[in-house]
Amino acid sequence: MLWYLEQSPYGFLFHNHGGNAHEHHNHVPAWLASIAFLTGWLLMTVAMMLPTTVPLINLFHRMTASRKQSRYLLRLLLTGYLLAWLGFGVIALALIWGFEQIPGGRQIQQTWGWSAGLFLLAGAFQFSKVKYACLDMCRTPLGFLMGHWHGRNDRREAFNIGWQHGLFCVGCCWALMLLMFAVSSANLSWMLLLAFIMAIEKNAAWGQKLGRPLGLVLIVTAIGISLYQLTG
């Protein structure tokens with residue numbers, strides 16, 4: 001679906017956040033551009049983040065397989081998870097729109113400094129204690145389920161498991177997801193690379209060791225972008 005949208009005449013709505021789309025295509029209302037962007041963001045979440053949480057989904061499915069509403073409970077979990085990421089998308093869009101209200105804000109977003117700044121932010125966050133506190137919750141799906149599933153109010157608990165796990169997932173991956181704004185919001189190659197990195201961080205036995213080296217790579221990339229532009 002993302003590939004189709006990228007190739008369609010309306011691909012610009014998914015490559016840019018609502019404000020830029022509205023600026024470059026005056027016939028597109030801002031509200032429609034925002035809805036289109038958030039739709040693309042939700043699709044990106046399905047493509048990039050759901051695969052990283054497959055261990056939790058599989059464990060929950062096996063845990064609730066004997067219940068009559070097992071599939072419904074799984075859908076509630078997925079709904080909660082996706083809503084957490086959609087909420088982050090709304091916040092990111094609102095912050096970027098707010099930045100655009102600053103004189104010259106839109107022009108800054110189209111410069112190399114914007115991309116370099118996002119790479120620097122993502123790299124610095126790789127050294128944050130908050131990153132690893134949230135990552136620990138994502139890397140222990142069985143412990144997370146045992147602590148949040150009691151089976152008394154199964155529908156509410158299923159949704160809350162998805163929602164809360166989604167919030168921890170946002171907590172450890174938000175800075176990497178913001179790198180989508182450094183390129184374009186629907187760049188499929190960039191999406192695959194970031195999804196692969198986040199899946200390793202969350203699921204591979206050695207994934208936690210990737211964090212700080214990755215942070216150094218991102219910081220060096222930010223410096224490289226800056227030096228290239230300043231000396232070129």
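The values are calculated or read from the model by the stated rules, or taken from the named source; none is laboratory data. Just so it is clear, the structure is predicted and the values come from calculations on it, not from any experiment. Cβ: placed from backbone, ideal geometry, glycine included. Neighbour counts: every protein chain shown. To get the accessible areas, we keep the full protein, side chains included, count just its heavy atoms, and leave off ligands, DNA and RNA. Shrake-Rupley method; radii C 1.70, N 1.55, O 1.52, S 1.80 Å.
Examine region 129-137 for a residue that is touching a residue at least 60 places away in the same chain (Cβ under 8 Å), open to solvent by 60 Å² or more (accessible area, probe 1.4 Å), out of contact with any Phe, Trp or Tyr (no Cβ under 8 Å at 6 or more places or on another chain) and not acidic (D, E), and state whether such a residue exists. No: region 129-137 contains no residue that is touching a residue at least 60 places away in the same chain (Cβ under 8 Å), open to solvent by 60 Å² or more (accessible area, probe 1.4 Å), out of contact with any Phe, Trp or Tyr (no Cβ under 8 Å at 6 or more places or on another chain) and not acidic (D, E). Quick one: is C173 surrounded by 14 or more Cβ atoms within 10 Å (Cβ to Cβ), within 18 Å of A92 (Cβ to Cβ) and touching a Cys at 6+ places or on another chain (Cβ under 6 Å)? Taking the combined requirement at face value, the residue does not satisfy it. Can you confirm whether region 191-203 contains a residue that is among the hydrophobic types (A, V, I, L, M, F, W, C), modelled with pLDDT of 95 or more, open to solvent by 50 Å² or more (accessible area, probe 1.4 Å) and closer than 29 Å to F37 by Cβ? Scanning region 191-203, I find no residue that is among the hydrophobic types (A, V, I, L, M, F, W, C), modelled with pLDDT of 95 or more, open to solvent by 50 Å² or more (accessible area, probe 1.4 Å) and closer than 29 Å to F37 by Cβ, so the answer is no. Total residues in region 96-120 satisfying the condition of being more than 22 Å from T221 (Cα to Cα) and either surrounded by 14 or more Cβ atoms within 10 Å (Cβ to Cβ) or within 19 Å of the chain's Cα centre (by Cα) (or both): the figure is 6. Among the candidates L56, L32, the residue that is part of a helix (DSSP H, G or I), at pLDDT 75 or above and within 27 Å of A158 (Cβ to Cβ) is uniquely L56.
Is it true that some residue in region 43-52 is over 30 Å from G151 (Cα atoms), hydrophobic (A, V, I, L, M, F, W, C), open to solvent by 30 Å² or more (accessible area, probe 1.4 Å) and at pLDDT 85 or above? Yes. When the criteria are applied in full, R75 meets the requirement of being in a helix (DSSP H, G or I), under 23 Å from L2 (Cα atoms), among the basic types (K, R) and out of contact with any helix residue (DSSP H, G or I) (no Cβ under 8 Å at 6 or more places or on another chain). Tell me yes or no: at least one residue of region 155-170 is crowded, with 17+ Cβ neighbours inside 10 Å, on the phi < 0 side of the Ramachandran plot and modelled with pLDDT under 95. Scanning region 155-170, I find no residue that is crowded, with 17+ Cβ neighbours inside 10 Å, on the phi < 0 side of the Ramachandran plot and modelled with pLDDT under 95, so the answer is no.
Residue-level check: of (1) in contact with a helix residue (DSSP H, G or I) (Cβ under 7 Å, 6 or more places away or on another chain); (2) in a helix (DSSP H, G or I), F127 misses just (2). For region 83-124, a residue qualifies if it is assigned to a helix (DSSP H, G or I), β-branched (V, I, T) and without any contact (Cβ under 8 Å) to a residue 12 or more places away in the chain, and the qualifying residues are I91, I108. Just so you know, in region 215-226 the residues that are crowded, with 18+ Cβ neighbours inside 10 Å and under 22 Å from the mean Cα position of the chain (by Cα) include one that is nearest to F125 (Cα to Cα), and it is G215.
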